[in-house]
1. Pairs needed: first member in the stretch 1-19, over 17 Å from Val103 (Cβ atoms) and of a type in the set (A, V, I, L, M, F, W, C); second member anywhere, in a loop (DSSP other than H, G, I, E, B) and modelled with pLDDT of 95 or more; C-beta distance under 7 Å; at least 6 residues apart or different chains.
2. Would you point out which residue out of Val106, Val74, Val81, Val111 is more than 16 Å from Gln34 (Cβ to Cβ), of a type outside the set (Ser, Thr, Tyr) and surrounded by 19 or more Cβ atoms within 10 Å (Cβ to Cβ)?
3. Name the residues in the stretch 1-56 that are of a type in the set (Ser, Thr, Tyr) and closer than 30 Å to Ala126 by Cα, would you?
4. Checking Phe100 against (1) in contact with a Leu (Cβ under 8 Å, 6 or more places away or on another chain); (2) modelled with pLDDT under 95; (3) aromatic (Phe, Trp, Tyr), only one condition comes out false. Which one?
5. Residues in the stretch 25-49 that are over 20 Å from Thr63 (Cα atoms) and touching a residue at least 40 places away in the same chain (Cβ under 8 Å): how many?
6. If I filter the stretch 76-88 for residues that are in contact (Cβ under 8 Å) with a residue 60 or more places away in the chain, closer than 22 Å to Val117 by Cβ, of a type in the set (A, V, I, L, M) and out of contact with any Asp or Glu (no Cβ under 6 Å at 6 or more places or on another chain), do I get at least one hit?
7. Looking at the stretch 62-71, which of its residues are without any contact (Cβ under 8 Å) to a residue 40 or more places away in the chain and surrounded by 15 or more Cβ atoms within 10 Å (Cβ to Cβ)?
Amino acid sequence: MQPRETVHELYDAYRTRNEARLRELMADDIEWNQCAGFPGGSKRRGIDDVLDGILGSNHSIWTDFGADTNEFLVDGESVVVLGSYRGKHAHTGKEMQADFVHVYRVRDGKVTRFDQVADTAPMIAAMSEG
């Protein structure tokens, strides 16, 4: 499978919360780096740590959380994805839409690294009680 296909399938598996497929698409020692200030985000290492964080954290903070992709840029084993997050905060009920850039490294059909840049301001605003 080509790197673009691997990353595209990763988004599909995340959207459907298909943990078995996510495990097939991620390297056992994956590095997962979410940007500072991302709600529930952190640096994670290893497939179990990543799955606990991305499947548990985002869906506990947001209802109808999703990542919509707009463009995939590929250079060898690197895939850059432009898109946006959307969701409604579970406690305030406020909706948000926040742009992101995701950078993936793919080797032998498995994601080995993820780096995130996201506009967290809309997320923080949706989380505020005012």
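The values are calculated or read from the model by the stated rules, or taken from the named source; none is laboratory data. What you see is a predicted model; the values in this text were computed from it and never measured. Don't worry about glycine lacking a Cβ; one is built from the backbone with ideal geometry, like all the others, and counts go over all protein chains shown.
1. Met1/Gly109
2. Sole residue among the options that is more than 16 Å from Gln34 (Cβ to Cβ), of a type outside the set (Ser, Thr, Tyr) and surrounded by 19 or more Cβ atoms within 10 Å (Cβ to Cβ): Val106.
3. Scanning the stretch 1-56 gives Tyr11, Tyr14, Thr16, Ser42.
4. Against the list (1) in contact with a Leu (Cβ under 8 Å, 6 or more places away or on another chain); (2) modelled with pLDDT under 95; (3) aromatic (Phe, Trp, Tyr), Phe100 comes up short only on (2).
5. 9
6. yes
7. Of everything in the stretch 62-71, those that are without any contact (Cβ under 8 Å) to a residue 40 or more places away in the chain and surrounded by 15 or more Cβ atoms within 10 Å (Cβ to Cβ) turn out to be Trp62, Phe65.
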